[in-house]
1. Could you count how many residues in region 94-122 are touching a strand residue (DSSP E or B) at 6+ places or on another chain (Cβ under 7 Å), part of a loop (DSSP other than H, G, I, E, B) and modelled with pLDDT of 95 or more?
2. Go through region 131-155 and give me each residue that's closer than 20 Å to T41 by Cβ and exposed (fewer than 14 other Cβ atoms within 10 Å of the Cβ).
3. Is it the case that some residue within region 139-153 is touching a helix residue (DSSP H, G or I) at 6+ places or on another chain (Cβ under 8 Å), under 23 Å from A58 (Cα atoms) and aliphatic (A, V, I, L, M)?
4. Does any residue in region 123-146 that is over 25 Å from D101 (Cβ atoms) come within less than 9 Å, Cβ to Cβ, of a residue that is at pLDDT below 95 six or more places away or on a different chain, and which pairs are these?
Amino acid sequence: MNTASEPATEPFIELDRYLGTWYEIARLPMRHEPEDYRDITAHYSLNPEGTVRVANRAVDGRGQLHESIGEATVVEGSGNAKLEVSFMPDGLKWVPFTKGDYWILRVDEDYRTALVGSPDHKYLWLLSRLPILPEVRRDSFLSTARVQGYDLGELIHTPQSGGPA
C-alpha cells in the first residue's frame, strides 16, 4: 500500500479519555457486522497489562444480542492514535493477519465524537458518546472522511434506539 494514500490520524489521543462506551452512528459495510444490526456499541477499557479490552455489542434483525470481545494494542510511535485489534481467541492471536487496523482519524476536543478508519479505506466508523449525533456534527465528521479518501457511497447509518444493546 502506498503510504501517501494513508489517512492522517490524530497526532495524540489521551487514551484514558477515549476509554468508555461509544455508540456507532454510521459505518461502511463489513461482513462481521450485517446490515440489519442496530444498537451497536463499543466499550473500551484498560486491561491490567496495558492493552485495551474491546467489547462490541449489537442487536440483530431478530432482536438477538451479539457480543464480541477483543483486545487492542497501541502501535508504538503513533501517539495512541493507531491500534491493532484482534477478536481471535488467545491461543490464535499469534497467527499472522488476525489483527485489524483501528486508526483514530478525528476526535473532538471533548472526546464526545470520533471518526475511526482503516488505512486501506475499507473500514470506517463514526462514533458518539450518545446514541444520536446532531446532523451538523455528523456531516462535519463525514466530510473529514471524504477528504481523507473514504468512499461513503455505501455508508450505513446505524439505527440506535437509545437503549442498551
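The values are calculated or read from the model by the stated rules, or taken from the named source; none is laboratory data. A quick note: this is a predicted structure, and the numbers were derived from the prediction, not measured. Every residue, glycine among them, receives a Cβ derived from its backbone with ideal geometry; neighbour counts consider all protein chains shown.
1. Step one: list which residues in region 94-122 are touching a strand residue (DSSP E or B) at 6+ places or on another chain (Cβ under 7 Å), which gives 98-107, 112-119.
So of that shortlist, the ones also part of a loop (DSSP other than H, G, I, E, B) come out as 98-99, 112, 118-119.
Next, from what is left, pick out any that are modelled with pLDDT of 95 or more: 112, 118-119.
Residues in region 94-122 being touching a strand residue (DSSP E or B) at 6+ places or on another chain (Cβ under 7 Å), part of a loop (DSSP other than H, G, I, E, B) and modelled with pLDDT of 95 or more: 3 in total.
2. Matches in region 131-155: I132, P134.
3. Of the residues in region 139-153, the ones touching a helix residue (DSSP H, G or I) at 6+ places or on another chain (Cβ under 8 Å) are 149, 152.
Imposing the further condition that a residue be under 23 Å from A58 (Cα atoms) reduces the set to 152.
When the remaining residues are screened for being aliphatic (A, V, I, L, M), the result is 152.
For region 139-153, residues touching a helix residue (DSSP H, G or I) at 6+ places or on another chain (Cβ under 8 Å), under 23 Å from A58 (Cα atoms) and aliphatic (A, V, I, L, M): present.
4. Final answer for the pair search is L130/G162; P131/S161; P131/G162; P131/G163; I132/G162.
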